[in-house]
Amino acid sequence: MLRWLSFAIIALIFAEIYVFAQAGAAAGGLAVIGLTLATAAIGFTVAQYQGFQVWRTIDARMRAQEPIGIPVAHGALITAAGVLLFIPGFVGDTIGLILLIPPVRTLMIEHLLKPWIAKVKPQQPFDTASASEPGPTVTVLEGSFTEDPEENKKADVGDPPPNS
């Protein structure tokens, strides 16, 4: 897996250099830089919006005690899209923009990532009333505390506390 990932990263770098050179020759350097910045800004904004939507979905599913594996996988793919969009290059931008399409992410999750997604249910929130094993009983005493500045002046560091 690591060997395949290393090869993919190196291939992506060479593809980015080739596409940049071709685009620069066809449209000019300033247009290529402007288009790269525009795709990065638009894509990053869309990734941020979709990331917040996934975060709300995860929160709602956790509150409903439902599995959160699929929304977490969507969040991971949105994060990958954001990284690809942030790095300058047309090939990475294209892959990042494709990852921002929800049906594409769903297909990727169903076919590629599903074996690794654990169907984990969130833990029950801590509730002392429904605990199966009785714990120690704690007694809480309510009261108030005031400090007497005159008493602090009388006491010396080496003196034992007064018996009351």
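Report, in cubic angstrom per residue, the convex hull volume of the C-alpha atoms of the stretch 1-52.
Numbers: hull volume 4.2 nm³, N = 52.
It comes to 81 Å³ per residue, whole-number rounded.
With a ≥ b ≥ c the root eigenvalues of the C-alpha gyration tensor of the stretch 1-109, is it rounded (a/c under 1.5), prolate (a/b larger than b/c) or oblate?
Verdict is oblate for the stretch 1-109.
What percent does the relative contact order of the stretch 1-123 come to when contacts are Cα pairs within less than 8 Å and at least six residues apart?
Rounded, it is 30 percent for the stretch 1-123.
Computed from the coordinates by the stated procedures, all read-outs in this text should not be read as laboratory data. The model shown is predicted, which means the values in this text are computed figures rather than measured ones.
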